[in-house]
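Peer 1: Before I ask anything, let me first share the structure, which is written out below as C-alpha cells.
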Amino acid sequence: MQLGILGFGEAGVRFAKDLSAAGLTGIVAYSRSGAKAQPGDALHAEAAAAGVTLVKTMRALCKSTDVIIALTPGKAALAAAKKISKHLQPGQIYVDMSSAAVKTMEDIAQLLDGKARFVDAAIMSPVPLNGIKGVIGASGADAEAFRVLMEPYGMNVKVVGVKPGGASAMKLIRSVCMKGLSAVLLECLEVAHRYGVLEAAAADIAGSFDERPFAQNMKRYVCGTAVHAERRIHEMADVLALLNSLDSSTRMTKSTRAKLMDVSKMGLREKFNAREPDTIAAVMDAIVALGPSKA
Ligand SMILES: NC(=O)c1ccc[n+]([C@@H]2O[C@H](COP(=O)([O-])OP(=O)(O)OC[C@H]3O[C@@H](n4cnc5c(N)ncnc54)[C@H](OP(=O)(O)O)[C@@H]3O)[C@@H](O)[C@H]2O)c1
C-alpha cells in the first residue's frame, strides 16, 4: 500500500512517524511549504525522520499512491480537494481527515464522484497524545476498504456509516458534549475557586463521576432530568444567586436553567408518570416526537 499525505503539519508528521514505525514504507507528502523547502531545510529533516519523502506537486503526490490522506485545515479542505481532483485516478482512495463541516464533506464526495473513491474521516482525539492509536471515525462507501488497508499498521479506524459526512457529523455531535462539558467545568471550578474550595469541589465532582461507569451516569442524567426538571429549575435559581454574589461567570448556568425550563414544559414528567424511563432512547423518542426544538 502506497500512502500519500496532503498537508504535512502536526497531524501529518505524527501519523507518518507512527505508520513508518509500524512498517509502512515509501510514504510521500505534499504541502505548500514542503514544496518550497530546499534539501537540508528543517522540514526535509523532519520528513526524513518520519520516513517521508516530500514531493513538490500534487501531481507527484498522486502518482503511484493508493491512498491519499488529506490533513489540511478544515477551511482549506474543499479547495484542496478541487486542486487535487484533476490528478486523482478512479481506483485511488482520497481520505479527508480535516475537521470540516458535514456539508464540506458532502461537497467533496460530490466533487470526486466518478474521479476517485472518497472517505470522510474524523480524528476523534488529540494527535500528539494518541497518534494512530486514537479513534478515527470513517464514513462513505469505501470506509471499510480504508479501515482494512490501515489495520495492519495499527491505525484505529472505526467505520461509522456509508454516508459521506457521517464521520464528521459524529465528531461534531460529540463536541456538543465534550466541549459543553469543558465549558460547564470551567464555570463550576471558577466559582469553587472564588469561594475558596477549588480542590475540594474538584475532588467531589470527580468522585461523583467515578462512582460508576459513564454510560450509567449518562442514563441517570438524561432519564432523571426528563422527570425532575421542574425541581432542578428552583435549585439553579439558588446556584445563580451564589454565582452573582461572587461575581463569577453565569453563562453556562443560565443556559442550564433555560434548558431545564424547556424540558419541564415538554410534559415528560406526566408522560412517564413521574417515573424515570428505562432508556435514553425513550426520552429522545418523546422529545423528537414533539417536533422541532426552538432553541
Ligand atoms: N493535530 C491534532 O491533534 C488534530 C486533532 C483533530 C483533528 N485535526 C485536524 O487535522 C487537520 C490537520 O491538523 P494539523 O494539526 O496537522 O494542522 P497544521 O499543523 O496546521 O497543518 C496543516 C497542514 O496543511 C497544509 N495546508 C494548509 N492549507 C493547505 C492547502 N490549501 N493545500 C494544501 N496544504 C495545505 C499546511 O502547510 P502549508 O500551509 O505549507 O501548505 C500544513 O502542512 C486539521 O483539519 C485539524 O483540525 C488535528
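Peer 1: Rank these residues by their accessible area, most exposed first, probe 1.4 Å: 65, 25, 279.
Peer 2: Final ranking, largest accessible area leading: 25, 279, 65.
Peer 1: Can I ask one more? Could you pull out which residues in the stretch 206-220 have an amide N less than 17 Å from a spot 7 Å beyond the Cα of residue 246, following the Cα-Cβ vector?
Peer 2: Residues 206 fall inside that zone.
Peer 1: Against the globular-protein guess of 2.2 N^0.38 Å, express the Cα radius of gyration of the stretch 54-127 as a ratio, rounded to two decimals.
Peer 2: That works out to 1.03 for the stretch 54-127.
Peer 1: Something else: Report in % the part of the accessible area of the stretch 1-147 that belongs to carbon and sulfur, leaving out ligands and nucleic acids; probe 1.4 Å.
Peer 2: Accessible surface attributable to carbon and sulfur in the stretch 1-147 totals 56 percent.
Peer 1: Loop-only GluC sites (Glu not before Pro) in the stretch 170-261, please: DSSP not H, G, I, E or B, and at most 13 other Cβ atoms within 10 Å. Before the final figure, lay out each step's value.
Peer 2: Values: sites: 187, 190, 199, 211, 230, 235; in loops: 211.
Within the stretch 170-261, the qualifying GluC sites (Glu not before Pro) (loop, at most 13 other Cβ atoms within 10 Å) are 211.
Peer 1: Oh, and also: So, in Å, what gap is there between the alpha-carbon centers of the stretch 262-295 and the stretch 129-168?
Peer 2: Here the answer is 34 Å between Cα centres.
Peer 1: On to the next question. Hey, what do the phi angles of the stretch 260-271 turn into as Karplus ³J(HN,Hα) couplings, whole Hz, using 6.51/-1.76/1.60 and θ = phi - 60°, x for Gly and Pro?
Peer 2: 4, 5, 4, 5, 4, 6, 6, x, 6, 4, 5, 4
Peer 1: Pick out, from 130, 154, 92, the residue whose Cα sits farthest towards the positive end of the charge dipole of the stretch 3-162, with +1 on the Cβ of Lys and Arg and -1 on the Cβ of Asp and Glu.
Peer 2: 92
Peer 1: Using unit Cβ charges (K, R positive; D, E negative) and no other charged atoms, how large, in debye to the nearest 20, is the dipole of the stretch 3-162 about its Cα centre?
Peer 2: So the magnitude is around 440 debye.
Peer 1: What translational D, rounded to a whole number of µm²/s, comes out for the stretch 212-295 from Stokes-Einstein when the hydrodynamic radius is the Kirkwood one over Cα pairs, at 25 °C and 0.890 mPa s?
Peer 2: 177
Peer 1: What residue among 142, 238, 120 shows peak mean-square fluctuation when the chain is described by a Gaussian network model with Cα springs under 10 Å?
Peer 2: Most flexible of the set in this elastic network: 238.
Peer 1: Which of 108, 207, 43 sits farthest toward the positive end of the charge dipole of the chain, with +1 on the Cβ of Lys and Arg and -1 on the Cβ of Asp and Glu?
Peer 2: 108
Peer 1: How much accessible area per residue does the chain have, in Å², with a 1.4 Å probe?
Peer 2: 55
Peer 1: Dimensions of the stretch 233-278 along principal axes (Cα, Å, largest first)?
Peer 2: 39, 17, 13
Peer 1: Rounded to the nearest 500, what is the 222 nm mean residue ellipticity of the chain from helices alone, with -39500 (n - 2.57) per DSSP H run of 4+ residues and division by all residues?
Peer 2: -17500 deg cm²/dmol
Peer 1: In the full protein assembly as shown, how much of residue 197 is accessible to a 1.4 Å probe, in Å² to the nearest 10?
Peer 2: Rounded to the nearest 10, the figure is 60 Å².
Peer 1: Compute the signed sum of charges (Lys and Arg +1, Asp and Glu -1) over the other residues within less than 13 Å, Cβ to Cβ, of residue 80.
Peer 2: Once all neighbours under 13 Å are counted, the net charge is +3.
Peer 1: Label the stretch 155-293 by shape, choosing from rounded, prolate and oblate, from the square roots a ≥ b ≥ c of the eigenvalues of the Cα gyration tensor; if a/c is under 1.5 it is rounded, and otherwise prolate applies when a/b is larger than b/c, oblate when it is not.
Peer 2: Oblate shape, in that a/c is at least 1.5 and b/c is the bigger or equal ratio.
Peer 1: Indicate the gyration tensor shape class of the stretch 162-241 (rounded, prolate or oblate), computed on the Cα atoms with a ≥ b ≥ c the square roots of the eigenvalues: a/c under 1.5 is rounded; otherwise a/b larger than b/c is prolate and the rest oblate.
Peer 2: The shape class here is prolate.
Peer 1: Quick one: grab the alpha carbon gyration tensor of the stretch 3-162, order the square roots of its eigenvalues as a ≥ b ≥ c, and give me rounded if a/c is under 1.5, else prolate or oblate depending on whether a/b is larger than b/c.
Peer 2: On the way: a/c = 1.57, a/b = 1.20, b/c = 1.30.
Oblate, since a/c reaches 1.5 and b/c is not below a/b.
Peer 1: May I ask you to list the trypsin sites (Lys or Arg not before Pro) in the stretch 5-66 that are in a DSSP loop and have at most 16 other Cβ atoms within 10 Å of their Cβ? Working shown, then result.
Peer 2: Values: sites: 14, 17, 32, 36, 56, 59, 63; in loops: 56, 63.
Listed in order of number, the matching sites are 56, 63.
Peer 1: Report the dimensions of the chain along its three principal axes from the alpha-carbon atoms, largest first, rounded to Å.
Peer 2: Result, largest extent first: 65, 44, 31 Å.
Peer 1: What's the carbon and sulfur percent of the stretch 171-289's accessible surface, probe 1.4 angstrom, rounded to a whole number?
Peer 2: Carbon plus sulfur share of accessible area: 59 percent.
The values are calculated or read from the model by the stated rules, or taken from the named source; none is laboratory data. The model shown is predicted, which means the values in this text are computed figures rather than measured ones. A quick note on method: Cβ atoms are made from the backbone with ideal geometry, for glycine too, and the neighbour counts reach across all protein chains shown. Calculation scope for accessible area: heavy atoms of the full protein, side chains included, ligands and nucleic acids excluded. Shrake-Rupley method; radii C 1.70, N 1.55, O 1.52, S 1.80 Å.
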